[in-house]
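> Please see the structure below; I have some questions.
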Amino acid sequence: MLTLRFFGLSLGVPALLLIGAWLPGLVPVAVIYGAVLLVLLILDRRAAGRVDQFRIERHHDNKLSLGAANRIAVQITSRAQRRVQLVIRDEPPVQFVGSDVANLQTILAPLETVELAYWVRPLKRGDYRFGDLNLRWSSPLQFYTRQATLPASVPVKVYPNLHEIRKYDLLAWRDHLAEMGLRNVRLRGEGTQFESLRDYTPDDPYRIINWKATARRAKPISMDYEPERSQRVMIAVDVGRMMRSPIRVQEDDGAVWDMAKVDFVINSVLLFSYVATIKGDQVGLLVFADKVQHFIPPRAGRAHFQQILEMMYALESQPVEANYEYALNFLATQNKKRSLVTLFTDLSGVRASDALVAHVPRLAPRHVPLVVTIRDPVLDQEAQQEPRYSNAVYRRAIAEQMINERHILLENLRRRGVLTLDVDAEHLTMSVVNRYLQLKSRSLA
């Protein structure tokens, strides 16, 4: 492809010919100038080289993470003997946020290797495909721009947010879980399984003082215990109609994107079940809408967690109302041992709310029921806005009414012995895990 630079220089030929009408001596100059320019173009195009002078590879995780910024790296190696200005356009799935900015530019020195990167955010689980890599590079004189397409089409799967698990493992190994928003809520001295020794504090009961260690170190030493392991955690996920509604998230950099409530829940369930597995608990999963979609009995171990992960990868919400009575009766029949039953659902709709109040409290006192709901930040914004127009007044009134009804419902559940957690989507995962750790520390599950 010819460049503007070449076209600009080639305008010299007709300009010299026009002037040659008055100065005939310039006509041969115009012919020579045009011939030289044409020869330079041919040589420049040849010097631009072929596409095989570049080696390009795309690198990314085999399983991309839902709702997270996934790094896509493109590694380029130049075998050319000159500096090359290169433009690369990748073809990520168009459904990903960030697919429109997959254009990369670099200047490669001779025999240099560089790695460029961009980020994409998948908003729905499933199977996708990356397309080819498109290259464009300039010739030495920049008279000609060559372009080529490298076959690089590969399938990719989008799973629930695996980034959070990797982050959890890394920070847990460094003992820096607070950076992730997780709190160490273990109550010292509670539980029966010995964990570690530490310095005595005035609030410690005398029964947890280790007298042998105190004698060796010549200062009071207390023992930390952790609660009994192998507790049961049963996770129930509502995938009915109301869980399909989107939640809008605004990033600190101004980026705005929407994701369905059920996908926020699935991300939270992933880390929740992983942490419970690491803590030695038996984790089960119940997925329901108008009927039970999937059921995995509670078990322990990482292989069991992988089974839960694969199930969550394939979950789809249903355009029907959730049937709490059927789902909870099924759960009571299949899971008779005491468990922390964590129900992820939505509170929209009077009918659904009445059914929730009628059936969830029946889990107690055999089980410890915890209802987790996503609070929509749009409602809070509408309720807090200053009403300047009549339309805004109505919207604020409706938002306040919906928030009040939500508070009344949650309070009604709490009075009937049901634990509740109502939190916005951005803080859902950490809030759920923190509540689980808090309940485990008290041996309530």
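Every read-out reported here was derived from the displayed coordinates using simple, explicitly stated rules and does not represent laboratory data. Note that the structure is predicted; figures quoted are calculated from it, not measured. Here Cβ is always computed from backbone atoms with ideal geometry, including for glycine, and neighbour counts include all displayed protein chains.
> Counting only pairs 8 or more residues apart or on different chains, how many lysine pairs in the chain have their Cα atoms under 15 Å apart?
5
> To continue, here is another question. Taking the Cα centre as origin and putting +1 on Lys and Arg beta-carbons and -1 on Asp and Glu beta-carbons, what dipole magnitude results for the chain, to the nearest 20 debye?
It comes to approximately 1140 debye.
> Is the shape of segment 4-48 best called rounded, prolate or oblate, per the rule: a/c under 1.5 gives rounded, else a/b larger than b/c gives prolate, else oblate, with a ≥ b ≥ c the square roots of the Cα gyration tensor eigenvalues?
oblate
> Separate question: Name the residues whose placed amide hydrogens come within less than 5 Å of the amide hydrogen of residue 126, ignoring near sequence neighbours (fewer than 5 apart) on the same chain.
Close amide H contacts, sequence-distant or interchain: 158.
> Taking Cα pairs under 8 Å and at least six residues apart, what relative contact order does segment 232-441 come out at, in percent?
Dividing the mean separation by the residue count of segment 232-441 yields 24 percent.
> Express as a percent, rounded to the nearest 5, the fraction of DSSP beta bridges in the chain (both residues included) that run antiparallel.
Around 65 percent antiparallel, to the nearest 5.
> When 136, 388 are ordered from fewest to most other Cβ atoms inside 10 Å of their Cβ, what list results?
Ranked by crowding around the Cβ, least crowded first: 388, 136.
> Still on this structure, I have one more. List, in order, the whole-Hz ³J(HN,Hα) value for each residue of segment 7-23 obtained from phi through the Karplus relation with A = 6.51, B = -1.76, C = 1.60 and θ = phi - 60°; use x for Gly and Pro.
Running phi through 6.51 cos²θ - 1.76 cosθ + 1.60 with θ = phi - 60° gives 4, x, 5, 5, 5, x, 5, x, 5, 5, 5, 5, 5, x, 5, 9, 10 Hz.
> Got the relative contact order for the chain handy, in percent, Cα pairs under 8 Å and 6 or more residues apart?
Taking the mean separation of contacting Cα pairs over the length of the chain, I get 13 percent.
> Follow-up question, since we're still on this one. Kindly write out, for segment 136-150 in residue order, the coupling ³J(HN,Hα) from the Karplus curve 6.51 cos²θ - 1.76 cosθ + 1.60 (θ = phi - 60°), rounded to whole Hz, with x marking Gly and Pro.
These are the phi-based 3J(HN,Hα) values: 8, 9, 9, 6, x, 8, 6, 8, 9, 10, 9, 9, 7, 10, 9 Hz.
> How do 64-70, 96-102 rank on mean C-beta neighbours within 10 Å, highest first?
64-70, 96-102
> If you take every DSSP beta bridge whose two residues both sit in segment 232-441, what share of them, in percent to the nearest 5, is antiparallel?
Roughly 30 percent of the beta bridges in segment 232-441 run antiparallel, per DSSP.
> While we're on this one: So for each of 339-345, 293-299 I average, over its residues, the number of other beta carbons within 10 Å; can you give me the resulting order with the highest mean first?
Ranking, from highest mean packing down: 339-345, 293-299.
> How would you classify segment 232-441 from its alpha-carbon gyration tensor, with a ≥ b ≥ c the square roots of the eigenvalues: rounded for a/c under 1.5, else prolate if a/b is greater than b/c, otherwise oblate?
It comes out prolate by the Cα gyration axes.
> Okay, next question. Name the GluC sites (Glu not before Pro) in segment 212-312 that are in a loop by DSSP and that have at most 16 other C-beta atoms within 10 Å, would you?
228, 251
> Would you mind checking the tilt of helix 26-48 against the longest principal axis of the Cα atoms of the chain, expressed as 0 to 90 degrees and rounded to 10?
Roughly 40 degrees between the two axes.
> Ok, one more. Using the per-residue mean of other Cβ atoms lying within 10 Å as a proxy for protection, in what order, highest first, do the peptides 154-167, 18-31, 324-337 fall?
Output ranking for 154-167, 18-31, 324-337: 154-167, 324-337, 18-31.
> With a ≥ b ≥ c taken as the square roots of the eigenvalues of the C-alpha gyration tensor of the chain, please select rounded if a/c is under 1.5 and otherwise prolate if a/b is larger than b/c or oblate if it is not?
prolate
> How tilted is helix 261-278 with respect to the longest principal axis of the chain? Cα atoms for both, answer in degrees (0 to 90, nearest 10).
Helix 261-278 sits at roughly 60 degrees to that axis.
> Can you sort 394, 389 from fewest to most other Cβ atoms within 10 Å of each residue's own Cβ?
In increasing order of surrounding Cβ atoms, one gets 389, 394.
> With n ≥ 4 as the cut-off for DSSP H runs, can you work out [θ] at 222 nm for the chain, using -39500 (n - 2.57) per run divided by the number of residues, rounded to the nearest 500?
Helix contribution divided over all residues of the chain: -11000 deg cm²/dmol.
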